[in-house]
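The values are calculated or read from the model by the stated rules, or taken from the named source; none is laboratory data. Please read all numbers here as calculations on a predicted model, not as lab measurements. Here Cβ is always computed from backbone atoms with ideal geometry, including for glycine, and neighbour counts include all displayed protein chains. Surface accessibility is based on the protein's heavy atoms, side chains included, excluding ligands, DNA and RNA. Shrake-Rupley method; radii C 1.70, N 1.55, O 1.52, S 1.80 Å.
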Amino acid sequence: ECPLPSVSILNEKFAPVTMKTVGWNISPLLNTPGRIGRTELSAAFLLSRDSESCGKLLSEISGLNEDRKDFLKEKISRYAKELEANGRGARNFIYIKADDVTDGYTGLIAGRLSDSHGCPAVVVSAVEGKGIFKGSGRANGVDFLSRVEPFAERFERFGGHASAFGFSAKDSEIDAIIRDIDRSLDG
């Protein structure tokens, strides 16, 4: 028997635990606290040796996860309406400066918008007081990363894979970077 109650609790909650439940249920659940700067909750849950404490932590994490789902649903709806009213923000992809989300949500929003609109999406958010934007790009069926890599030196941080990338860029650079990405998708 595993000495960590978290394993037993997850087995009970998500039985049977399969690769699908890990990928679609457990991972997003345990990733949620990190999106809002509370990574200690998931760490405490996974490392606790006390069943009661684990149960309370999982309840708190589950509540945050439900809040995350509601928040995302509201933001996706809002941005979809803005896209309808104002267009994509760039010629070749959806571009949103999200003034009301943290960088922990930009990839989720970009992914949902890309999927629902059938084109690449980039969502950025300002890091308060830092002069930096953090963001994510998502695209299915387009090697988005290869279109952005030529501009890698202009980012403060940059990385990803063919259909998803994340970055940070100076406030003074973000609009020019977005224009260059847009041009890179012209052909």
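Going through R147, R138, R157 one at a time, which residue ends up being open to solvent by 60 Å² or more (accessible area, probe 1.4 Å) and farther than 24 Å from K75 by Cβ?
On the way: R138 fails: farther than 24 Å from K75 by Cβ; R157 fails: farther than 24 Å from K75 by Cβ.
Selected residue: R147, the only one of R147, R138, R157 that is open to solvent by 60 Å² or more (accessible area, probe 1.4 Å) and farther than 24 Å from K75 by Cβ.
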Hits in the stretch 66-95 (condition: buried (at least 19 other Cβ atoms within 10 Å of the Cβ) and either among the hydrophobic types (A, V, I, L, M, F, W, C) or in contact with a Leu (Cβ under 7 Å, 6 or more places away or on another chain) (or both)) | Y79, A90, F93, I94
Can you tell me which residues in the stretch 115-124 are surrounded by 20 or more Cβ atoms within 10 Å (Cβ to Cβ) and in contact with a Phe, Trp or Tyr (Cβ under 7 Å, 6 or more places away or on another chain)?
-> P120, A121, V122, V124
Residue that is surrounded by the most Cβ atoms within 10 Å (Cβ to Cβ), among those in the stretch 14-52 that are farther than 30 Å from V101 by Cα and touching a residue at least 40 places away in the same chain (Cβ under 8 Å) | S48
Do we have any residue at all in the stretch 126-140 that's of a type outside the set (V, I, T), assigned to a helix (DSSP H, G or I), more than 18 Å from the chain's Cα centre (by Cα) and on the phi < 0 side of the Ramachandran plot?
-> no
All-but-one check, D103 against (1) under 20 Å from D180 (Cα atoms); (2) within 12 Å of the chain's Cα centre (by Cα), failing number (1)
